[in-house]
Amino acid sequence: MPRFLVVLDADSTLLDDEVIELLADEAGCGREVAAITARAMAGELDFAASLRERVRALAGLPAQSLTRVRARVRVTAGASELIRGVHGLGGAVGVVSGGFHEVLDPIADALDLDYCRANRLAVAGSVLTGQVDGSIVDASAKADALIEWSADAGVPIGQTIAIGDGANDLRMMAVAGLSIAFDAKPVVRATADVSLNERDLSTVLALLGTLAR
Ligand SMILES: [Mg+2]
C-alpha cells in the first residue's frame, strides 16, 4: 500500500504548455483563448464558465488536430525523475487536469502515473463540437479527485501532496497535507505551504523526505 500520494496539476505544472492554447492555435484563435486562460488561472474568472467559453472557440476543429497537439505538448523538466522517485519511495502519483484526456492519457501512460482525470472533448462527425463531454473538472472536482485517490490508495489525507500553478488548484491544495506552488501565479504562491520557482519537477523530491519516512 502506498505511503503517500502526490497529485499534480497538468497544464503549466506537469506540462510546460496550456493544452487549450495549443488547441486554440490549431483553430486560429490562440491569442483570444490565451488571454482568457491567463485570467482564469489568476483567479479572475470562474474556471468552469471560462473553460466552456474556450472550448466553444474550438467548434469545427478537425479531431485530427489532436494528433498535432499531442506531438507539440512538452512534459516539464524533471517530471519522469519525480515520478520514478515517488514510486521508489513507496508513493503513488496522479494527475488531475482542467485540460483533456485526449491529450493527457498517452502522457500519463508513458510516465507511468497511477491516476489520471481530465475533461473530455465532444466530437461529432470527426470534428470537435465545441462542447465538453460530461461534468467539468474544476477546482472542486480537483479536490474531490485528491480525496478519492487517497481513499483508494489507503493514504491518509495528511500524507497527500498537491502541486499546482493556477487558481483552480487552490481547493485541492487546501485539502492536501502539503501544498506546493510550482512556478505559480501570485495568488497560488501566496497560499501554498512551499513555492518552487524553478521549472524542474525533480526539485519536489527534496520535500518528500518527511512524508516518505
Ligand atoms: Mg495549471
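Taking every DSSP beta bridge that has both ends in the chain, the antiparallel portion is near 20%. Compute the acute angle (0 to 90°) between the alpha-carbon long axis of helix 47-56 and the principal axis of greatest extent of the alpha-carbon atoms of the chain; round to the nearest 10°. For helix 47-56, the angle is close to 40 degrees.
For a test of the definition: using alpha carbon positions, the gyration tensor, and the 1.5 limit on a/c, classify region 161-208 as rounded, prolate or oblate. Oblate, since a/c reaches 1.5 and b/c is not below a/b. Rounded, prolate or oblate: which one fits the chain, using the alpha carbon gyration tensor with axes a ≥ b ≥ c (rounded when a/c is under 1.5, else prolate when a/b beats b/c, else oblate)? Cα axes put the chain in the prolate bin.
Calculated mean residue ellipticity at 222 nm for the chain: -11500 deg cm²/dmol, from DSSP H runs with n ≥ 4 weighted as -39500 (n - 2.57), summed, divided by the residue count and rounded to 500.
3J(HN,Hα) along region 22-39: 5, 5, 5, 4, 4, 8, x, 10, x, 5, 4, 5, 4, 5, 5, 4, 4, 5 Hz, from the Karplus curve 6.51 cos²θ - 1.76 cosθ + 1.60 with θ = phi - 60°, whole Hz, x for Gly and Pro.
3J(HN,Hα) along region 7-21, derived from phi through the Karplus expression 6.51 cos²θ - 1.76 cosθ + 1.60 where θ = phi - 60°, amounts to 10, 9, 5, 9, 5, 6, 10, 5, 10, 6, 9, 9, 4, 4, 6 Hz, with x in place of Gly and Pro.
Taking amide H atoms as placed 1.01 Å from N in the peptide plane, the amide H of T76 lies under 5 Å from those of L15, D16, each 5 or more residues away in sequence or on another chain.
Taking the C-alpha atoms only, the angle from helix 79-88 to the longest principal axis of the chain is near 40 degrees.
The angle separating the long axis of helix 139-153 from the principal Cα axis of greatest extent in the chain is about 50 degrees. Taking amide H positions as modeled 1.01 Å from N, with prolines and chain starts lacking one, the residues under 5 Å from V95 and 5 or more places away or on another chain are L8, Y115, C116, R117. Each residue of region 157-163 is assigned a 3J(HN,Hα), and the resulting list reads 4, x, 9, 10, 10, 10, 10 Hz, derived from the Karplus form 6.51 cos²θ - 1.76 cosθ + 1.60 (θ = phi - 60°), x at Gly and Pro.
Classify region 103-213 as rounded, prolate or oblate from the Cα gyration tensor: take a ≥ b ≥ c as the square roots of its eigenvalues, call it rounded if a/c is under 1.5, otherwise prolate when a/b beats b/c and oblate if not. Because a/c hits 1.5 or more and a/b exceeds b/c, region 103-213 counts as prolate. Close amide H contacts of D133 (hydrogens built in the peptide plane, cut-off under 5 Å, sequence separation of 5 or more or a different chain): R120, L121, A122.
Bear in mind these aren't lab numbers, they're just calculated from the coordinates by the rules spelled out. None of these values were measured; they are calculated from a predicted model.
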